[in-house]
Amino acid sequence: MIKLSQLLLERIDYLQTAQSLVKKYKLKSKIKFGAKHDYGDYIPETDTILLNRSYPNVKEFIISVLHEIKHALDADRLGWRKFKKKYDQAGTMAVHQGKDPHDDNKWEELAEKWAQKEYRRKWSKIFK
């Protein structure tokens, strides 16, 4: 049975790792736990990355953080209001096509491709 101290240590490690990755990409996004979706969420209004408390493995965790970092980079580049407007428009377009507003959102697809590529290119040898 896992002790509570081990769980807290794991969360602290997740938090520290996510914060370190955010800094590597020259962002100031806050990291919190409590995502609504399977792996993570980005809240542009508060520049906050929300993560889940557990992941199947370290690779999935790192890719999830990178995915949300891509959203933060886009919001930083465009401004959070413009990013949110474009993101919401893409979700609306997906709905009009009978698709899911989150899973079929082009911003989600771009962030996922970027995260996978970034993981392979920079982080796969560090986080196995």
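The values are calculated or read from the model by the stated rules, or taken from the named source; none is laboratory data. Because the structure is a prediction, the values reported are computed rather than measured. Cβ: placed from backbone, ideal geometry, glycine included. Neighbour counts: every protein chain shown. The area values use the complete protein model at the heavy-atom level, side chains included, leaving out ligands, DNA and RNA. Shrake-Rupley method; radii C 1.70, N 1.55, O 1.52, S 1.80 Å.
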Residue count for segment 86-108, restricted to those that are in contact with a helix residue (DSSP H, G or I) (Cβ under 9 Å, 6 or more places away or on another chain), open to solvent by 70 Å² or more (accessible area, probe 1.4 Å) and either part of a helix (DSSP H, G or I) or among the aliphatic types (A, V, I, L, M) (or both) = 3
remark   = If we ask which residues in segment 64-79 are surrounded by fewer than 17 Cβ atoms within 10 Å (Cβ to Cβ) and part of a helix (DSSP H, G or I), their number turns out to be 2
request  = For residues that are of a type in the set (A, V, I, L, M, F, W, C) and within 23 Å of residue 44 (Cβ to Cβ), scanning just segment 109-128, find the one that is most open to solvent (accessible area, probe 1.4 Å).
outcome  = 110
request  = Being within 15 Å of residue 29 (Cβ to Cβ) and of a type in the set (Val, Ile, Thr) narrows it down to one of 126, 69, so name that one.
outcome  = 69
query = Taking segment 32-89, which residues are aliphatic (A, V, I, L, M) and more than 19 Å from residue 120 (Cβ to Cβ)?
reply = 35, 43, 49, 50, 51, 72, 75, 78
remark   = Here the residues within segment 41-91 that are of a type in the set (S, T, N, Q) and at pLDDT below 95 are 52, 54, 57
note = Subset of segment 68-101, residues under 14 Å from residue 43 (Cβ atoms) and under 16 Å from the mean Cα position of the chain (by Cα), comes to 68, 69, 71, 72, 74, 75, 76, 80, 83, 84, 87
